[in-house]
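Enquirer: One structure, as structure tokens, below. Some questions next.
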Amino acid sequence: MITTHFLQYSITTQAFGSLAAAIGHTPLFHLQHLGQTLAPGVQLYAKAEWFNPGGSIKDRPALNIIITALAQGQLSQGKRLLDSTSGNMGIAYATLGAAMGIPVTLVIPGNANHERMGILRALGAELVISDPLEGSDGAILVARQMASAEPDRYFYANQYDNPANWLAHYQTTGPELVEQTGGKITHLVAGLGTSGTLMGTGRYLRDYNPAVRLVGVQPDAPFHGLEGLKHMPSAYKPGIYDPALPDAIVEVQTEGAYQMARRLAREEGLFVGISAAAAAQAALQVAASLEHGVVVAIFPDAGYKYLSESFWEAGL
Ligand code: PMP
């Protein structure tokens with residue numbers, strides 16, 4: 001069960017049914033084969049976020065954004081939840097919206113893949129398709145315009161600027177990692193999209209132990225195939241992103257992440273998404289530089305939504 005404390009509110013997810021109560025408490029897997037070449041004092045782990053009911057890490061911030069908005073009266077009866085998304089956050093909103101009776105409108109770039117659009121339609125979300133050439137930044141602008149044109153119709157969830165996003169990770173992902181590593185975690189490695197995962201989990205871990213190192217992962221170029229991640233220097237900067245928080249940023253190439261996705265599937269039995277593979281690659285790099293340490297990479301989702309991509313077929 002997740003308990004959220006935001007401003008003066010204290011709400012338990014039990015009030016929102018068993019689906020919401022099933023969010024979080026995801027497994028932590030030891031990456032035994034991938035970590036074989038590491039120093040004996042170094043362990044590499046992955047937080048398996050596809051175990052959430054909506055299939056990704058984004059269930060955590062979606063739930064916290066919704067319950068915070070309900071508690072503050074921003075998502076009153078009859079209002080639609082509106083946000084821009086490249087996929088997983090939309091699936092999380094649509095999943096929870098269906099379960100909680102909240103109508104959901106999503107602005108999604110026209111190049112979002114077939115699997116993702118299909119899942120969103122199956123869950124009953126209303127989709128507004130934005131210019132594929134403008135990517136996720138274009139979708140943000142469309143959502144903003146819609147929200148300001150019809151403020152009575154929409155609650156604009158604004159995952160990029162909403163503190164309930166990173167607070168979800170401060171309240172859940174961070175404490176889980178401390179518990180699951182017996183307090184021994186030394187390095188957190190997480191991809192940067194809205195940055196909510198790294199900001200929230202990272203702040204909790206720093207409060208727990210100021211020596212914990214925080215490593216962000218981003219694509220090495222503005223045009224890339226690392227679905228869910230942002231190339232921060234060239235993208236719209238999320239309001240919740242504090243560039244001073246991470247100790248290091250590791251840049252990952254799309255091809256390298258594809259290769260790592262195949263390795264994780266074939267060597268560890270973990271069929272994960274491309275951003276998870278990017279995090280694994282960065283985490284392996286960090287772990288290889290250590291003599292002692294407990295390195296945790298966040299694996300945001302599974303590979304199913306990326307099946308139509310051809311890279312799975314290649315040899316290693
Ligand atoms: N990986 C995937 C597949 C995602 O959908 C997201 C969210 N956009 C991320 C990583 C990054 O998470 P965050 O928004 O918390 O930085």
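The values are calculated or read from the model by the stated rules, or taken from the named source; none is laboratory data. Just so you know, these numbers come straight off a predicted model, no measurement behind them. We place every Cβ from the backbone using ideal geometry, glycine too, and count neighbours over all the protein chains shown. Each accessible area value is taken on the protein alone, full model and side chains, heavy atoms only, with ligands, DNA and RNA left out. Shrake-Rupley method; radii C 1.70, N 1.55, O 1.52, S 1.80 Å.
Enquirer: Can you tell me which residue is nearest to the ligand (Cβ to nearest atom) among those in region 263-273 that are open to solvent by 20 Å² or more (accessible area, probe 1.4 Å) and of a type outside the set (F, W, Y)?
Expert: A265
Enquirer: Taking region 182-200 as the search range and keeping residues that are polar (S, T, N, Q) and touching a strand residue (DSSP E or B) at 6+ places or on another chain (Cβ under 6 Å), which one is farthest from the ligand (Cβ to nearest atom)?
Expert: In this case the residue turns out to be T186.
Enquirer: Right, something else. Confirm whether K305 is closer than 25 Å to D161 by Cα and either of a type in the set (V, I, T) or modelled with pLDDT under 95 (or both).
Expert: Against the criterion (closer than 25 Å to D161 by Cα and either of a type in the set (V, I, T) or modelled with pLDDT under 95 (or both)), K305 does not qualify.
Enquirer: Right, here's the next one. For region 265-280, what are the residues that are touching a helix residue (DSSP H, G or I) at 6+ places or on another chain (Cβ under 9 Å), over 27 Å from A157 (Cβ atoms), in contact (Cβ under 8 Å) with a residue 40 or more places away in the chain and in a helix (DSSP H, G or I)?
Expert: Selection gives A265, E267, E268, A280.
Enquirer: Still on this structure: Output the residues belonging to region 203-240 that are crowded, with 20+ Cβ neighbours inside 10 Å and either at positive phi or free of Cβ contacts under 8 Å to residues at least 24 places away in the same chain (or both).
Expert: G228, the sole residue that qualifies.
Enquirer: Scan region 105-140 residue by residue and report those that are in contact with a strand residue (DSSP E or B) (Cβ under 8 Å, 6 or more places away or on another chain), touching a residue at least 40 places away in the same chain (Cβ under 8 Å) and of a type in the set (A, V, I, L, M).
Expert: Of everything in region 105-140, those that are in contact with a strand residue (DSSP E or B) (Cβ under 8 Å, 6 or more places away or on another chain), touching a residue at least 40 places away in the same chain (Cβ under 8 Å) and of a type in the set (A, V, I, L, M) turn out to be A139, I140.
Enquirer: A follow-up question, please. Being away from the ligand (no atom under 11 Å from the Cβ) and among the β-branched types (V, I, T) is the filter here, so list the residues in region 284-306 that pass it.
Expert: V286, V294, V295, V296
Enquirer: Collect the residues in region 291-301 that are closer than 17 Å to L192 by Cα and either surrounded by fewer than 20 Cβ atoms within 10 Å (Cβ to Cβ) or not β-branched (V, I, T) (or both), keeping them in residue-number order.
Expert: Passing the criteria: A297, F299, P300, D301.
Enquirer: Next question, about the same structure. Any idea which residue in region 1-31 is surrounded by the most Cβ atoms within 10 Å (Cβ to Cβ), counting only those that are among the aromatic types (F, W, Y) and modelled with pLDDT of 60 or more?
Expert: The residue in question is F16.
Enquirer: Quick check on this structure: which one of A276, A314, A288, A244 is closer than 27 Å to P222 by Cβ and either in contact with a Cys (Cβ under 8 Å, 6 or more places away or on another chain) or surrounded by 14 or more Cβ atoms within 10 Å (Cβ to Cβ) (or both)?
Expert: Of the residues listed, the single one that is closer than 27 Å to P222 by Cβ and either in contact with a Cys (Cβ under 8 Å, 6 or more places away or on another chain) or surrounded by 14 or more Cβ atoms within 10 Å (Cβ to Cβ) (or both) is A276.
Enquirer: Let me ask something additional. Given the structure, is I65 within 16 Å of the ligand (Cβ to nearest atom) and not assigned by TED's automatic domain parsing to the domain that holds P300?
Expert: Criteria met by I65.
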